[in-house]
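Take a look at the structure below.
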């Protein structure tokens, strides 16, 4: 999906209150229907062996998964994390916004978020210069360096450019909890749809990432409904001769999502890539595999595709985090 204008972005934040505070979660998302429809498999014509029913979580993705667990289930919507957009374990601060904080932010609250990002950008510019010139560091700077080197990373490569990787993320605990409540109405039907399609039933959790199970969700890029289909995507994966927009039907859209994910898995041959294609497109993920190889961690770390930005790099980690929380709701929302 194409990048959106500023006005559309604010509309999305105020109306939907989706995950990103300073980034549009749809900005990297292409039209998932951009694939060769002539090769679509007929529905229920084959089943996947049970070995495909699991979703791998490489250890290298754990920092990103943990970041999204905190976003979904720990940080409230009044809390904002300022962090590195590549090394997701590097969190500079989590601060609380003043006043009443709703789904959308007031102008004053937006200014505060912007000011905190700029503060950390200035701090990191100084730190980068000191590391580059091998100058002595103060206590706070040493603490930041410790964050970067926690997993044995080398100082110079990770600190270089840190000031340009500043990002802020609001917590979505309240919204995720609401999504859990809504999902109970659909969970049995959705799981049956994916099971009947020969797919892992836990794909039923994907709307936690896409829309927080809001059936009327609309993105400024043209995606609609709980499963966030574009018009062309709906025509490809849930065609209907009637004039009804099936994208607003959660069950019909779940069938469409099953059709899409079955096709994506057949093309990409692993779940991390297939699930990420729901955000980045099958063609985009195929290009990533062709350039980098089949190692998904390497794709996340090194692929430089023009539309493979923050949202695409994190999409699978977000799904893993949402799946973990949704499978253990009492642990996170006692």
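Couple of notes before you dig in:
- Spin-label pair residue 189/residue 126, simplified geometry with 7 Å Cα→Cβ offset, distance in nm: 5.7 nm
- The alpha-carbon positions of region 220-281 define a convex hull whose volume is 81 Å³ per residue.
- Calculated SAXS-style log₁₀ I(q)/I(0) at q = 0.10, 0.13, 0.17, 0.18 Å⁻¹ - region 52-151, Debye, Cα scatterers: -0.38, -0.61, -0.92, -0.98
- Given their separation in residues at 0.36 nm each and the Cα-Cα distance between them, residue 137 and residue 86 gain 16.0 nm when the chain is fully extended.
- If R0 is taken as 41 Å, the Cβ-Cβ distance between residue 235 and residue 330 corresponds to a FRET efficiency of 0.50.
- Legend: calculated FRET efficiency, residue 115 to residue 302, from the Cβ-Cβ distance at R0 = 45 Å, rounded to 0.05, equals 0.85.
- Alpha-carbon centroids, region 167-181 and region 257-334: separation in whole Å: 20 Å
- Sites residue 216 and residue 156 - FRET efficiency at Förster radius 35 Å, r taken between beta-carbons, to 0.05: 0.10
- Sorted peptide list for 191-199, 67-75, criterion being average Cβ within 10 angstrom, highest first: 67-75, 191-199
- Listing 302, 139 from fewest to most neighbouring C-beta atoms within 10 Å gives 139, 302.
- Simple spin-label estimate for residue 76 and residue 269 gives 4.9 nm between the two label positions (7 Å along the Cα-to-Cβ direction from each Cα).
- Label-point separation in nm, residue 149 to residue 95, each point 7 Å along Cα→Cβ: 2.8 nm
- Cα-based Kirkwood hydrodynamic radius, region 97-140, one decimal, Å: 12.6 Å
- Extents of region 179-322, taken as max minus min of Cα coordinates on every principal axis and listed largest first, are 41, 29, 28 Å.
Values quoted throughout were computed directly from the atomic coordinates according to the rules given, and no laboratory measurement underlies them. Quick caveat: nothing in here was measured; it's all calculated off a predicted structure. Virtual Cβ from ideal backbone geometry, glycine too; neighbours counted across all protein chains shown.
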